[in-house]
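Peer 1: One structure, as structure tokens, below. Some questions next.
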Amino acid sequence: MEKREIGTSGIQVYPFALGGNTFGWTTDEQQSFKVLDAFVDAGLDLIDTADVYSSWVPGNKGGESETIIGNWLKRSGKRNKVVLATKVGKPMGGDKKGLSRKYITQAVEDSLKRLQTYHIDLYQSHYDDKDTPLLETLETYTDLIKQGKVRAIGASNYNGLRLKEALQVSKDNGLASYQCLQPEYNLYAREPYEKELEPVCRERGLGVITFYSLASGFLTGKYRSEHDLSKSDRGQGVKRFLNPRGYKILAALDKVAVEYNTTQATVALAWVIARPGITAPIASATSIDQLNDLTKATTLELKSDAIRLLNSASSY
């Protein structure tokens, strides 16, 4: 298992990112601590979260995931063993949203406080704020890097045209530049990334850290009928995958998993990791067993025939 660089940032990470979106949602603080400890004990390092996680839970207001991670960092003393990635921009209530200088400047302080750290390794624009000039956003990030509060920046949920535009603004003005993109990408959701975003990332040398890498759990093989959707709180988000193409992908995953004596989830993540240009897929775990299953993907090398089968089954 070799490390991969996030763009040209100099930040090296192992090819699997632990998603913090379940912390404060389906994983309470005590269980989150156990998962985080096991993740680092497995030799892995990239933890991905966002200020808005997990605001969708009744009674939450956002910041719960960062707070749990911060409490864990304080208790464990493992800050130097992890690469912390968080995001800014999604609505946090009232006027707390967007990528303006005023808001980012406040939001980064809030995230640093919740994470109980002096710097964020990778600070990402959670979405494209078209109401704020790219120049303003990138100047703000540049200042944060100069202040030592942020090491590198990335973008999420940008289309190819806006990503290229942002990179050009940075180049033309001598500003910090996005070092990675965080797009949705998995065996089911291939076309938007591969057609529009992958060419930009490969040409510009950006890292790629994928979200929904297991298609909300569908690619674990756990959900095979509408009856299965009640198995977890995330089940309803899987309904759209229950169609002929989805079932064809599951059949291919089943076959490869048997061949390699592993699980469908491990195969699905290994397929993402094997894609040229990918830095790391993100996946969340609510238990140690689940985490162990996911992290096996970092050492599973799929042969060309397995990749061809999965590519064919998931073709669009």
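The values are calculated or read from the model by the stated rules, or taken from the named source; none is laboratory data. Quantities reported herein were computed from a predicted structural model and do not represent experimental measurements. No Cβ is skipped: glycine too gets one built from the backbone with ideal geometry, and neighbour counts run over all protein chains shown. Only protein heavy atoms, including side chains, enter the accessible area calculation; ligands, DNA and RNA are left aside. Shrake-Rupley method; radii C 1.70, N 1.55, O 1.52, S 1.80 Å.
Peer 1: For residue 315, what accessible area in Å² do you get when you roll a 1.4 Å probe over the heavy atoms of the protein chains, rounding to the nearest 10?
Peer 2: 60
Peer 1: If you don't mind, there's one more thing I want to ask. Can you tally the net charge around residue 24? Count Lys and Arg as +1, Asp and Glu as -1, for every other residue whose Cβ sits under 10 Å from the Cβ of residue 24.
Peer 2: Values: positive: none; negative: 28, 29, 64, 66.
Value of the local net charge: -4.
Peer 1: Can you give the net charge of the other residues whose Cβ lies under 12 Å from the Cβ of residue 41, counting K and R as +1 and D and E as -1?
Peer 2: +1
Peer 1: Using alpha carbons only, how many degrees (0 to 90, rounded to 10) separate the axis of helix 29-41 from the longest principal axis of the chain?
Peer 2: 80
Peer 1: Under a 10 Å cutoff between Cα atoms, tell me which one of 154, 93, 70 has the largest fluctuation in the Gaussian network model of the chain.
Peer 2: Highest fluctuation among the options: 93.
Peer 1: Moving on. Ignoring any ligand, DNA or RNA, what whole percent of the accessible area of the chain comes from carbon and sulfur when the probe is 1.4 angstrom? Intermediate values should be presented prior to the final figure.
Peer 2: Values: 6620 of 13750 Å².
The nonpolar share, carbon plus sulfur, comes to 48 percent.
Peer 1: Can you check what the net charge comes to around residue 267, using other residues whose Cβ is under 10 Å from the Cβ of residue 267 (Lys, Arg +1; Asp, Glu -1)? Let's see the in-between values first.
Peer 2: Values: positive: 255, 296; negative: 254, 259.
Within the 10 Å Cβ shell, the charges total 0.
Peer 1: Taking each pair of different alpha-carbon atoms in the range 157-316 once, compute 1/r for the pair, average those values, and report the inverse of that mean as the Kirkwood hydrodynamic radius in Å to one decimal. Don't jump to the answer; show the numbers that get you there.
Peer 2: Details: mean 1/r = 0.0603 Å⁻¹.
Radius from the Kirkwood sum: 16.6 Å.
Peer 1: Pairs of alpha-carbon atoms within less than 8 angstrom and 6+ residues apart define the contacts here; what relative contact order does the chain have, in percent?
Peer 2: 18
Peer 1: While we're here: Please go through the range 261-316 and write out the trypsin sites (Lys or Arg not before Pro) that DSSP classes as loop and that have at most 13 other C-beta atoms within 10 Å. Walk me through the numbers before you get to the answer.
Peer 2: Details: sites: 296, 303, 308; in loops: 303.
Here the trypsin sites (Lys or Arg not before Pro) that fit, given the DSSP loop and packing criteria, are 303.
Peer 1: Under a crude label model (7 Å from the Cα following the beta-carbon direction), how far is residue 143 from residue 225 in nanometres?
Peer 2: Simple spin-label model gives 5.9 nm for this pair.
Peer 1: Enumerate the aspartates and glutamates that residue 222 could reach by cross-link, defined here as Cα to Cα under 18 Å, with residues fewer than 8 away along the same chain left out.
Peer 2: 233, 254, 289, 293
Peer 1: What list of ³J(HN,Hα) values in whole Hz, one per residue of the range 175-182 in order, does the Karplus curve 6.51 cos²θ - 1.76 cosθ + 1.60 (θ = phi - 60°) give from phi, with Gly and Pro shown as x?
Peer 2: 9, 4, 10, 4, 9, 7, 10, 10
Peer 1: Let me ask another. With each label point set 7 Å from Cα along the Cα-Cβ vector, what nm distance links residue 248 and residue 203?
Peer 2: Placing both labels 7 Å along Cα→Cβ, they lie 3.0 nm apart.
Peer 1: Here are some pairs, 34/303; 61/171; 78/296; which of them have Cα atoms lying more than 31 Å apart in this structure? Display every interim value, and only then the final one.
Peer 2: Working: 34/303 33 Å; 61/171 37 Å; 78/296 22 Å.
Cα-Cα > 31 Å for 34/303; 61/171; rest within.
Peer 1: Suppose a student asked you for the relative contact order of the range 1-42, using Cα pairs under 8 Å spaced at least 6 residues apart; what percent would you report? Provide the component values of the computation, followed by the final result.
Peer 2: Values: 20 pairs, mean separation 10.1, N = 42.
Over the range 1-42, the number comes to 24 percent.
Peer 1: Roughly how many whole Å is it from the C-alpha centroid of the range 100-120 to that of the range 25-92?
Peer 2: The distance from the Cα centre of the range 100-120 to that of the range 25-92 comes to 15 Å.
Peer 1: Tell me the per residue accessible area of the chain using a 1.4 Å probe; a whole number in Å² is fine.
Peer 2: I get 44 Å² per residue for this part.
Peer 1: Here is a further query. Mean separation of Cα pairs under 8 Å and 6+ residues apart, divided by the residue count of the range 1-148: what relative contact order is that in percent? All intermediate terms of the calculation are to be shown ahead of the outcome.
Peer 2: Numbers: 223 pairs, mean separation 28.6, N = 148.
Relative contact order, the range 1-148: 19 percent.
Peer 1: Counting each pair of different Cα atoms once, what's the Kirkwood radius of the chain in Å, rounded to one decimal?
Peer 2: Details: mean 1/r = 0.0505 Å⁻¹.
Result for the chain stands at 19.8 Å.
Peer 1: State the antiparallel share, in %, of DSSP beta bridges confined to the chain, rounding to the nearest 5.
Peer 2: Values: 2 of 28 bridges.
Of the beta bridges lying entirely in the chain, close to 5 percent run antiparallel.
Peer 1: Can you work out the FRET efficiency for the pair residue 240 and residue 307, with r the C-beta to C-beta distance and R0 = 25 Å, to the nearest 0.05?
Peer 2: Values: r = 25 Å, r/R0 = 1.00.
Taking R0 as 25 Å, the efficiency between residue 240 and residue 307 is 0.50.
Peer 1: Could you check the simple spin-label distance between residue 194 and residue 30, using points 7 Å along Cα→Cβ, in nm with one decimal?
Peer 2: Simple spin-label model gives 4.5 nm for this pair.
Peer 1: For the range 120-185, give the magnitude of the charge dipole about the Cα centre (Cβ charges: +1 Lys/Arg, -1 Asp/Glu; no others), in debye to the nearest 20.
Peer 2: That gives a dipole near 220 debye.
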